[in-house]
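Shown next, in structure tokens, is the structure this report addresses.
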Amino acid sequence: MRISLLFLSALMLIACQNQSTPKPRAEMRIDVPKAVYDEITPNNCSFSFDQNKLSDLKVGRNCQLKIEYPSIKGDLYMTYKPVNGNIESLLNDAQKLSREHMIKADNIVEQPYIDPLNTVYGMYYEVIGDAASQAQFYLTDSVQHFLTGSLYFRAKPNYDSIYPSAVYIQNDIRVLIESLRWIE
């Protein structure tokens with residue numbers, strides 16, 4: 001009887017303690033100020049576009065551009081090539097690069113871009129999953145100009161971790177695409 005009474009008392013003491021509750025689902029938060037854009041024309045390049053003031057532009061030889069986002073460790077690489085009757089080859093190369101990420105990506109969303117007023121045509125690829133690049137694009141006027149771009153992060157490709165930063169830079173890429181103007 002004593003054992004039963006001790007067991008019942010111990011059980012009541014254990015049962016009266018605070019119950020644990022599951023923690024709410026949390027998502028990573030990055031605090032970056034709202035994007036503000038300036039129109040820029042990189043040296044020796046045949047185009048202009050709007051660039052986020054929080055990013056740094058590096059211009060290399062032959063209009064090789066790198067837009068750095070130091071606070072979120074992302075880099076947008078862009079390459080300009082003149083079209084010399086080789087538009088099909090340039091398009092195939094740009095599309096091939098996007099298809100190469102299909103191995104690691106869960107999905108690639110293609111979004112065509114058409115601006116006949118400014119003769120800017122192209123494709124934007126949003127890469128979903130643990131691929132090396134989270135976004136790619138190409139823009140052309142089909143006659144003289146061809147521009148490609150790829151977004152990379154200086155971190156192991158883990159989509160869940162880089163998602164907020166990827167969305168932030170992807171918005172900047174859309175602004176870049178919509179503001180691109182060819183210079184004759």
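The values are calculated or read from the model by the stated rules, or taken from the named source; none is laboratory data. All values derive from a computational prediction rather than experimental measurement. Here the Cβ is made from the backbone with ideal geometry for all residues, glycine too, and neighbour counts use every protein chain on show.
Scanning region 80-112 for residues being modelled with pLDDT under 95, within 20 Å of the chain's Cα centre (by Cα) and surrounded by 16 or more Cβ atoms within 10 Å (Cβ to Cβ) gives a total of 5.
Checked against (1) closer than 23 Å to R61 by Cα; (2) assigned to a strand (DSSP E or B), I177 passes all but condition (2).
Considering region 113-159 alone, what residues qualify as being of a type in the set (D, E) and within 11 Å of the chain's Cα centre (by Cα)?
Filtering region 113-159 for residues of a type in the set (D, E) gives 115, 126, 130, 141.
Across region 113-159, the qualifying residue is only E126.
Criterion applied to P164, P157 was being surrounded by fewer than 22 Cβ atoms within 10 Å (Cβ to Cβ), of a type outside the set (S, T, N, Q), on the phi < 0 side of the Ramachandran plot and part of a helix (DSSP H, G or I), and the one residue passing it is P164.
Among the residues of region 126-140, just one is out of contact with any Pro (no Cβ under 7 Å at 6 or more places or on another chain) and over 18 Å from I173 (Cα atoms), namely G129.
Quick one: count up the residues across region 153-184 that are of a type in the set (F, W, Y) and more than 17 Å from V32 (Cβ to Cβ). Explain how you work it out, then say what you get.
Going residue by residue through region 153-184, those that are of a type in the set (F, W, Y) are 153, 159, 163, 168, 182.
Still in the list and also more than 17 Å from V32 (Cβ to Cβ): 159, 182.
So the count comes out to 2.
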